[in-house]
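The structure appears below as C-alpha cells.
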Amino acid sequence: MAVKATPAVFSAPEPVVDWDVLAARARGLRRAKAVVLYAFLIAVSLPIILPYFWLVTIAFSAKTGVAETAVLWRSMAVVVPTVIALWLAAAFAQSRRQMWIGMGAVAAVAAFAFALLVGPDLHIGNFIFLWEPDFASVVRSRIGEVKGAVQFPNVWHAFGNSILIAGTQTAIVVTVASLAAYSLSRFQFPGRSAMLRSLLVLHAFPVLTLIVPMFLMLYWIGLLDTLFGVILVLVAFELPFAIFIMKGFFDAVPWDIEMSALTDGASRRQAFLSVVLPQVRNGILAIAVFTFIRGWEEYIFVFTFLIRNTNWTMSLYMYWVRDDVMGVDYGVVSAVGVFYLVPSLILYLAAQRYLMQMSIGGVKG
Amino acid sequence: MAKIEFRNVVKRFGDVEVIPDMNLVIEDGEFVALLGPSGCGKSTSLFMLAGIYVPSGGELLFDGHVVNEVEARDRNVGIVFQSYALYPHMSVRDNILFPLRFKKTPRDEALGRVKGAADLVRVAELLERKPSELSGGQQQRVALARALVKEPQLLLLDEPLSNLDATLRLSMRTEIKSLQEKLGVTTVLVTHDQIEATTMADRIICMRAGRIEQIGTPDDLYLRPASLFVASFIGSPPINLIAGEAQGGTVAVNGAKFPVEGASGAVTVGLRPEHLRFGDSGFTGHIVQIEPMGREILYVVETGIGIIRVLEQGSSATHATGEKVKIGFSPENSLVFETAHQKLLPGAHVHAPA
C-alpha cells in the first residue's frame, strides 16, 4: 500500500525572509504588551494603595486641632512619580541587572525627596494611646476642652481581647474543621451528601439577619457580654467554609499512603496524625490565617454582644476613639488604625507563601 | 512466613459482588501472581489480604488462623503500592523507620534494621533524601525496603513495576525475584501484565470477573490454558483463534482435518503465532504488515477468516508486504476449545517443544 508521492507545486518563488526583523518585531510587541499591562495594574491598584498610604502618613504627621492636607499632597508628589519611575525603569531595562540598578536609583531619590518634603513633619505623638490610657483627656486639654471623656480601657487590654477572640476562634475552627473535613472526605455515612450541600447553603446566608435571635440566645444562655459567647458565634459562622476548604485538601491526599500507614502498624488515629495531617499543612495554615484575620477584624458581633468596656476589642476601641476625638484629632484616630492594622499585615506577609497555594480544587461530592 | 488460604471468600461493595466465591491456597514461601484485566478483583483480593477490606463472607486464613476481623496493623504484612505510597514529608530513613515506630523496636536496633533493609535494596546512600528527590526506580526500592524492614510474614506487591520505564522494569523484575528467593517470604504479586507474572511468579492465578479461571505454573497457563480467556490473555503476540467444526472426534478447520478426543460441535482452534509457518498449503491470504521484533519477525496476514499473526525466527524479513502466502499449522500444536463453554478439550494441548 505505497503512498503515491504528489509532485510539489510552487507557483511563486519563495519570498526572502529577514529573521532579524521578525525577531525584533516580536520583541517590540512583547515589551509593548508588558508596558500596557503594568500601566493598567498600576492604575487599578492606586485607589487601593493610596488610602493606606494616607492613613500611615496622617498617623505619623497630623497634629492636634490642625486639619491640613499639605503634607498629604507633598507626600503624593513624592509617591506618584516614584511609582511611575519604577515602572519606567522596569519597562526600559535591558537586563535584570539594569532593572535592579534603575529601581535602586529611583528608590534612593524618592527616599531623599521624602525626607526633604515630609520628614520635618513626622512625629510619633499620635501614638499617645499606647502609653497614656486617658489620652482622650490629654488630647482635649490641648485645645482647652476639659469635659469628661469616655473612659477608655488600656489599649493593650483591648489588644489582648482581640488576640484572645481571634486566637481561640482559630484554634477551635482549625481543630473542628480538620476532623470534620477528614470524616467527610474519607467516610461514607448517612446524610453525608446532605451535609456537604448544607455546608454551602449555610455560607450563603447573610449572617447579619441572625443578629437578634443570636442576641436572645446568648442572653438566655448567659453568655451575653462575654468573650466566650462571641467566640462561639464566630466559630459557628466560620466553620462551614473552613470545613469545605479542608475537605478539598483531604480529597487530594491519596488513599494509598493512608492504607500504607495502616499496614505499617498505625491505627487510624495515628495514620491521620502522622501521615495525612502533614499533607494538608498548607490548608490548615490557610484557614488558620483567614479565620484569625476574620476574628481580628470582627466588628458587628462584638459591637452587639459585648457591652462592658473591659470586654472591648480593637475594633470597638477604634470605634470609640473615632466617636470621641474625631474632629479634635484625626491623627490619633489614624494612629489607632495603623496599630490595628499591623498584626494582620504581619500575619499575611508571613503566611503569604502558603495562602497562594490554596485552591478549592478537587472538591468531590 | 505464612501459608495463606481463601475459603469461599466473598466480597461485596453495596450491591456489587466483586468476588463471588474464592478458594485458593498459597503455600509458605511461595511467590504467586494474581493476573487479570483491570476490574477482575485482583486488587480487592490483595486489600483483603492486607486487612484493608474485610471479606463479606467466607474465611481468610493465615497459617490456619481465621484473620477476617484482624486489623491491618496486627497482620504483619508488607505492601508495595503501585504509586509506592511513600510518605512525602518524611526522609527516606523515616519512611523505612515508620513501620518499626509502632513495634516499639529499640532505637538502635531499629536504625540497624533500617540500614540493613536499605542495603538490601541498595538505597543506603539516599537515606537523608525526601521521596520527591528520588527517581521512580529509587522510590520503588525504598517502598520495598519499607515493606521488608518489619520482616513481614506476607509481602504484597500491587502492580509494582507499572510506573517504571522498560529497562528499569526488566532489572527490577530480576531483583525482586531474587530478593524473594533469598528471604523466602510468601509473596503475592498483583499485575495485569502477563510478562511480569510469568517471569516472576512460581504459580499464576488467572482471574476474570472475580472468579479464578486457572491456577498453574507459567508453563501450564501458556501451553495448557484451561479456557479461551486464559489462552487469549497469556502470550504476546496474542494467540490466533479460528472457528472450526468437529464431528465424532475429528476437527475440521479450513479443509484440514485432525483427530481430537471427544470433540464435537462448534470448536475454536487456538494457534500460537510461533507455531504457524508459511508453506504450500493452509490458510491463504496476503501480508498487510511486517513488525520486526528483534530476534523474530511478526507478519500480520489478512485471510478469508480474519487476521492471522505469524511469528518467524530470524531478524530480517523473508517476505514482503502485499505478498500472497499460505499458512500451515501442525495439529499437535493446536489448542481446541469448545466454543459453547469456552473450555479446553482435554484431548488437545500443545506438547512441550522437544
Inset, instruction - Name every residue in segment B:154-189 that is within 12 Å of chain A (Cβ to nearest Cβ) and either touching a Pro at 6+ places or on another chain (Cβ under 6 Å) or under 19 Å from residue B:73 (Cβ atoms) (or both), in order of residue number. - result: B:154, B:155, B:156, B:158
Inset, instruction - Scan segment A:232-261 for residues that are buried (at least 21 other Cβ atoms within 10 Å of the Cβ), more than 9 Å from every other protein chain (Cβ to nearest Cβ) and of a type in the set (Gly, Ala, Ser) and jot them down. - result: A:242
Legend entry - Every residue from segment A:245-254 that is part of a helix (DSSP H, G or I) and more than 20 Å from the chain's Cα centre (by Cα): A:247, A:248, A:249, A:250, A:251
Inset, instruction - Keeping to segment B:160-189, report how many residues are of a type outside the set (Val, Ile, Thr), touching a Phe, Trp or Tyr at 6+ places or on another chain (Cβ under 9 Å) and surrounded by 15 or more Cβ atoms within 10 Å (Cβ to Cβ). - result: 5
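For (1) surrounded by 21 or more Cβ atoms within 10 Å (Cβ to Cβ); (2) in contact with a strand residue (DSSP E or B) (Cβ under 6 Å, 6 or more places away or on another chain); (3) away from every other protein chain (no Cβ under 12 Å); (4) touching a residue at least 60 places away in the same chain (Cβ under 8 Å), each residue gets a yes or a no:
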| site | (1), (2), (3), (4) |
| --- | --- |
| B:100 | yes, no, no, no |
| B:111 | no, no, yes, no |
| B:115 | no, no, yes, no |
| B:120 | no, no, yes, no |
| B:124 | no, no, yes, no |
| B:131 | no, no, no, no |
| B:143 | yes, yes, no, yes |
Legend entry - Single unsatisfied condition, residue A:275 versus (1) assigned to a helix (DSSP H, G or I); (2) more than 10 Å from every other protein chain (Cβ to nearest Cβ); (3) not hydroxyl-bearing (Ser, Thr, Tyr): (2)
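Residue-by-condition table, conditions (1) more than 14 Å from chain B (Cβ to nearest Cβ); (2) of a type in the set (Val, Ile, Thr):
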| residue | (1), (2) |
| --- | --- |
| A:194 | yes, no |
| A:229 | yes, no |
| A:263 | no, yes |
| A:279 | no, no |
| A:290 | yes, no |
Inset, instruction - Kindly provide the set of residues from segment B:152-170 that are without any contact (Cβ under 8 Å) to a residue 60 or more places away in the chain and in a loop (DSSP other than H, G, I, E, B), ordered by number. - result: B:161, B:164, B:165
Legend entry - Contacts under 6 angstrom Cβ, first residue in segment A:196-207 being of a type outside the set (Ser, Thr, Tyr), partner in a helix (DSSP H, G or I) and modelled with pLDDT of 80 or more, 6 or more apart: A:199/A:240; A:199/A:243; A:199/A:244; A:202/A:240; A:203/A:240; A:203/A:241; A:207/A:237
Inset, instruction - Considering every residue within segment B:196-209, establish whether at least one is assigned to a strand (DSSP E or B), among the polar types (S, T, N, Q) and out of contact with any Asp or Glu (no Cβ under 6 Å at 6 or more places or on another chain). - result: no
Legend entry - Among residues of segment A:228-244, those that are within 9 Å of residue A:199 (Cα to Cα) and free of Cβ contacts under 8 Å to residues at least 60 places away in the same chain, counted: 2
Inset, instruction - Can you confirm whether segment B:229-240 contains a residue that is part of a strand (DSSP E or B) and more than 21 Å from residue B:46 (Cβ to Cβ)? - result: yes
Legend entry - Residues of segment B:259-276 satisfying the condition of being hydrophobic (A, V, I, L, M, F, W, C) and surrounded by fewer than 19 Cβ atoms within 10 Å (Cβ to Cβ): B:266
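The values are calculated or read from the model by the stated rules, or taken from the named source; none is laboratory data. Computed from a prediction, not measured in an experiment: that's the story for all the values here. A quick note on method: Cβ atoms are made from the backbone with ideal geometry, for glycine too, and the neighbour counts reach across all protein chains shown.
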